[in-house]
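Worksheet: the structure to be examined is printed underneath.
The values are calculated or read from the model by the stated rules, or taken from the named source; none is laboratory data. Note that the structure is a prediction, hence the values are computed from the model and not measured. We place every Cβ from the backbone using ideal geometry, glycine too, and count neighbours over all the protein chains shown.
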Amino acid sequence: MPPGFWIYPWTAEADLWLPRRTSGDWMRPIARLKPGVDADQAKAELAVLAEHVETSEVYAGTTRSCDVRFLEEEVNREYGGALNLLLGVVSFVLLIACVNVASLLLGRATQRKREFATRAALGGGRGRLMRQLLTESILLCGLGGMLGVAVASLGIDLFVLLASYWYPPSEEIAIDGSVLGYTLGVSVLTGLLCGLGPALQASKPDLNESLKEGSRRSTQDVQRGPLRVLAVSETALALILLAGAGLMISSFVRMLETDRGFDSEGVLAMRIKLRGAEYRSDGVTQSTTTAFYRNLLERIEALPGVVSVGMTSYSTWGNSCCSRVLIADRPVPAPGQSLTATYGEVGGEYFKTLRIPLLKGRLLGQQDAEGTSLVAVVSQTLAEQFFPGKNPIGKVVETPVPGEAREIVGVVGAVVRGVRDGPKPEIYVPYRQYTRSGKGTFFTMNKGFVIRTSVEPMSLANSLRAIVTELDPMIVPGKIKPMERVVFQGAGSGLSWMSAAETLEFYVRLFSIFAGLALFLAVVGLYGVVAHSVARRTHKCGVRMALGAERGKILRQVLQEGLIMSLTGIAIGIMGSLALGRLIESLLYGVPAVDPLTFAAVSAVLIGVALLAAYVPARRAASVDPMTALRHE
């Protein structure tokens with residue numbers, strides 16, 4: 001295949017494509033529809049076919065369903081939500097920038113009122129004055145757009161770095177003709193929006209008032225109103241983004257601090273999938289499988305820096321299979337009322353490695369080998385739900401997959417696998433007591449390893465790959481990463497194949513970056529409005545100070561002006577933040593969409609930086625020399 005070939009974006013990192021020769025694995029069919037056939041027709045036909053498809057005994061009795069979607073819709077479903085949210089955040093920042101530029105142009109137009117009045121008095125029409133002002137604003141925004149394209153190349157690298165697992169074919173993200181055309185259109189539209197208000201106001205001057213000597217002082221209060229409105233708008237928009245970033249950060253902190261019943265610090269995770277007839281033939285697991293796992297566990301445990309190593313079915317975390325459970329000496333439950341539990345094979349020192357405590361009985365050990373009595377260890381959640389008020393030790397449970405009755409010999413602490421789930425019932429069985437039939441091959445052929453280390457976990461990654469290669473060169477271990485990056489992974493909890501923690505961290509970084517930009521722009525805008533107001537009132541400040549006004553009083557008056565604008569913007573922004581919180585509620589963890597503590601914190605930050613922005617021009621106003629100010633006027 002050509003370089004960069006992929007079907008789904010998350011298959012872009014595949015280096016080798018093999019035909020599937022064995023059954024029992026999950027597969028996703030891809031079909032090209034015949035001309036004239038739509039998705040609804042295909043879905044109806046496939047629903048009929050699904051009822052007649054023969055399935056293996058592993059999936060006997062399961063409900064079969066069929067869903068048909070276009071491939072483009074499937075990809076858009078994975079990425080559309082995140083991109084729409086990103087576009088909304090960028091639009092907020094662009095809007096704040098537009099308000100800033102509009103404030104700048106309005107202030108500049110105010111200073112040029114005398115010039116425009118003179119032009120109008122000499123016969124300059126309103127349309128001509130407006131064209132001049134709009135041309136200036138479009139040129140200004142066009143130059144900004146050109147600079148933005150140059151900076152965007154760095155932004156793309158940063159975006160890919162922030163979400164390295166989100167969109168694997170990241171080399172396809174680039175600036176092309178459509179991006180340049182879009183940027184040009186946005187720049188022109190921004191120039192029109194930013195310059196239209198000032199152009200309408202400045203192109204219709206009051207000739208009598210504007211040409212009078214000293215008219216700048218008489219019209220200054222009229223011009224301050226629109227500038228204040230723009231400053232309030234900037235503050236409100238900035239608060240909305242700050243609130244979104246605050247909710248994301250609070251969620252991420254809560255996620256990391258949640259007690260999940262095990263200790264992932266200092267643990268490395270690795271996944272192995274066995275392939276080949278020497279491990280499984282005609283759907284039956286071979287004895288060489290046990291030997292491979294035993295050798296691998298011993299080799300890993302012998303590595304310098306390894307404290308202990310454990311093994312579990314399929315994945316290291318979050319993807320174990322849920323199975324129906326039957327209790328001996330109890331009637332078979334009616335449909336819809338069956339007991340279910342997470343089933344998994346474990347080996348090595350799995351519980352010790354993750355520090356899952358033993359509550360009753362014993363753990364699984366070397367004595368639980370093939371040919372011995374079938375045993376299992378259950379979680380505290382299973383014991384409480386299935387045997388309320390009773391001792392589960394000695395009880396017998398059976399799971400249809402792999403279909404064998406096992407005696408409970410121990411109870412361990414409950415663990416939380418899903419990001420937003422509580423602890424679920426779990427059954428752990430020894431990996432050496434696997435089922436030779438096809439029922440249990442799914443669990444036996446897929447294993448996740450957890451390695452507790454006394455050194456930096458990722459420093460052992462190359463050694464682990466080397467050990468696997470020495471045992472079987474045809475086996476390539478899955479992504480090796482710290483367990484702390486894996487523990488929050490759960491089905492449907494992340495973007496594409498990112499874990500929930502990686503997804504939330506991705507949003508935290510994006511929101512933080514754009515919220516920081518929004519805060520900076522809002523501070524600049526507020527500073528500009530207050531500085532413009534101080535410059536227009538230099539004469540007034542000079543008169544007041546000449547008549548005995550204290551510098552501290554003038555300083556407080558200017559700071560009060562900035563504080564009132566920021567508080568008004570915060571009040572409006574909080575209402576917008578309530579809507580944003582509802583929009584991103586599905587991404588939050590342990591934090592309500594309306595979190596008073598977060599809103600109070602970001603409001604305090606915004607007030608602090610607003611006062612800091614107003615302090616510089618306020619200090620300048622309080623330092624005015626009365627004689628210099630009066631002589632200047």
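Observations on the model:
- Qualifying residue in region 602-616 (condition: assigned to a loop (DSSP other than H, G, I, E, B), at pLDDT below 90 and among the hydrophobic types (A, V, I, L, M, F, W, C)): no
- Among the residues of region 11-64, those that are in a helix (DSSP H, G or I), of a type in the set (A, V, I, L, M) and at pLDDT 75 or above comprise A39, A42, A44, L46, A47, V48, L49.
- In region 239-272, of all residues being over 20 Å from V609 (Cα atoms) and of a type in the set (G, A, S), the one that is nearest to the chain's Cα centre (by Cα) corresponds to S251.
- Criterion (small (G, A, S) and under 20 Å from A461 (Cβ atoms)) met by exactly one of A302, A277: A302
- Residue in region 468-483 that is modelled with the highest pLDDT, counting only those that are part of a helix (DSSP H, G or I) and buried (at least 18 other Cβ atoms within 10 Å of the Cβ): V468
- Exclusive hit being under 30 Å from R112 (Cα atoms), among the β-branched types (V, I, T) and at pLDDT 80 or above, set I572, I564: I564
- Any hit, region 90-113, residues being modelled with pLDDT of 85 or more, polar (S, T, N, Q) and either within 28 Å of H532 (Cα to Cα) or out of contact with any strand residue (DSSP E or B) (no Cβ under 8 Å at 6 or more places or on another chain) (or both): yes
- G195 being in the same structural domain as F599 (by TED's automatic domain parsing), in a helix (DSSP H, G or I) and modelled with pLDDT of 75 or more: yes
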